[in-house]
1. Being assigned to a loop (DSSP other than H, G, I, E, B) and either out of contact with any strand residue (DSSP E or B) (no Cβ under 6 Å at 6 or more places or on another chain) or modelled with pLDDT under 95 (or both) is the filter; apply it to region 13-60 and report the residue that is surrounded by the fewest Cβ atoms within 10 Å (Cβ to Cβ).
2. Taking interchain pairs and intrachain pairs at least six residues apart, which have beta carbon atoms under 8 angstrom, with the first residue in region 67-81 and without any contact (Cβ under 8 Å) to a residue 40 or more places away in the chain and the second outside any loop (DSSP other than H, G, I, E, B) and buried (at least 16 other Cβ atoms within 10 Å of the Cβ)?
3. Can you report the number of residues in region 141-166 which are touching a residue at least 40 places away in the same chain (Cβ under 8 Å), assigned to a helix (DSSP H, G or I) and farther than 16 Å from residue 82 by Cβ?
4. Condition (residue is assigned to a loop (DSSP other than H, G, I, E, B) and touching a helix residue (DSSP H, G or I) at 6+ places or on another chain (Cβ under 7 Å)) applied to region 97-115: is it met by at least one residue?
5. With the requirement that a residue be without any contact (Cβ under 8 Å) to a residue 12 or more places away in the chain and touching a strand residue (DSSP E or B) at 6+ places or on another chain (Cβ under 7 Å), what does region 215-256 give you?
6. For region 214-233, give me each residue that is at pLDDT below 95, assigned to a helix (DSSP H, G or I) and buried (at least 16 other Cβ atoms within 10 Å of the Cβ).
7. Based on what the data block shows, is residue 244 buried (at least 20 other Cβ atoms within 10 Å of the Cβ) and at pLDDT 80 or above?
């Protein structure tokens, strides 16, 4: 089989960078996407030298509605075998008081961009009868999220979207996997403005451990994986708990 190529969004740090490392270690060429071209270039150079692969950098802001189409256009001559939609960010605050422009960016990055990139790259995978898509959601997808309402809702969208497309492509040689991490030691808490919250101060996983679980699930063709035994146990309880109770619980986690 020819050398595969993996496209990873949000690849400059955290779970995205760790997923890129795993792809490179398996001999995949890389297309790394994020806003920070300098950090991407450093990572691309390190992985290219370490694993004798090609690593291409595409600096793009997925909050821009035209970014997915521009990425796809630049890769017309490069079949993408693995699409990893990892880019995403959180936003804390009462919905009535927060800035709509920030919510609009979140919707573009967390929901529209992964759906659009999947729409663009999936047909080629189906035509070649092989391909893997990994969407990075969150355990937030399973519960309401007061004071981070749009973030939690965006991850619920990504979970439902991924499970639906996974069913559509059954038997085609293409698989869709959704990874649902819990709290993870990345830059997420700083960017979301929740470093002082109970959620940020509780148990967490490393980005490398989360990426490892997601990557293995993707290779196995699993539809869904919740990273971490503790998180899997908590989400089993969430499935049977009243939604109002869950909203109260996450409200306390998201407040300082």
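1. First, pick out the residues of region 13-60 that are assigned to a loop (DSSP other than H, G, I, E, B): 13, 26-28, 35-36, 52-54, 60.
So of that shortlist, the ones also either out of contact with any strand residue (DSSP E or B) (no Cβ under 6 Å at 6 or more places or on another chain) or modelled with pLDDT under 95 (or both) come out as 13, 26-27, 35-36, 52.
Values: 13: 17, 26: 14, 27: 11, 35: 17, 36: 14, 52: 9.
Among them, the one singled out is 52.
2. 74/58
3. Going through region 141-166, the residues touching a residue at least 40 places away in the same chain (Cβ under 8 Å) turn out to be 142-152, 154-155, 157-159, 161-163, 165-166.
From the residues that got through so far, the ones that are assigned to a helix (DSSP H, G or I) too are 142, 149-152, 154-155, 157-159, 161-163, 165-166.
Add one more test, that the residue is farther than 16 Å from residue 82 by Cβ, and what stays is 142, 149-152, 154-155, 157-159, 161, 163.
So the count comes out to 12.
4. From region 97-115, those assigned to a loop (DSSP other than H, G, I, E, B) are 97-99; that's our starting set.
Next cut, touching a helix residue (DSSP H, G or I) at 6+ places or on another chain (Cβ under 7 Å) only: none.
Scanning region 97-115, I find no residue that is assigned to a loop (DSSP other than H, G, I, E, B) and touching a helix residue (DSSP H, G or I) at 6+ places or on another chain (Cβ under 7 Å), so the answer is no.
5. Scanning region 215-256 gives a single hit, 232.
6. 231
7. On the way: buried (at least 20 other Cβ atoms within 10 Å of the Cβ): no; at pLDDT 80 or above: yes.
For residue 244, the condition - buried (at least 20 other Cβ atoms within 10 Å of the Cβ) and at pLDDT 80 or above - is not met.
The values are calculated or read from the model by the stated rules, or taken from the named source; none is laboratory data. As the structure is a computational prediction, the values presented were derived from the model and not from experiment. We place every Cβ from the backbone using ideal geometry, glycine too, and count neighbours over all the protein chains shown.
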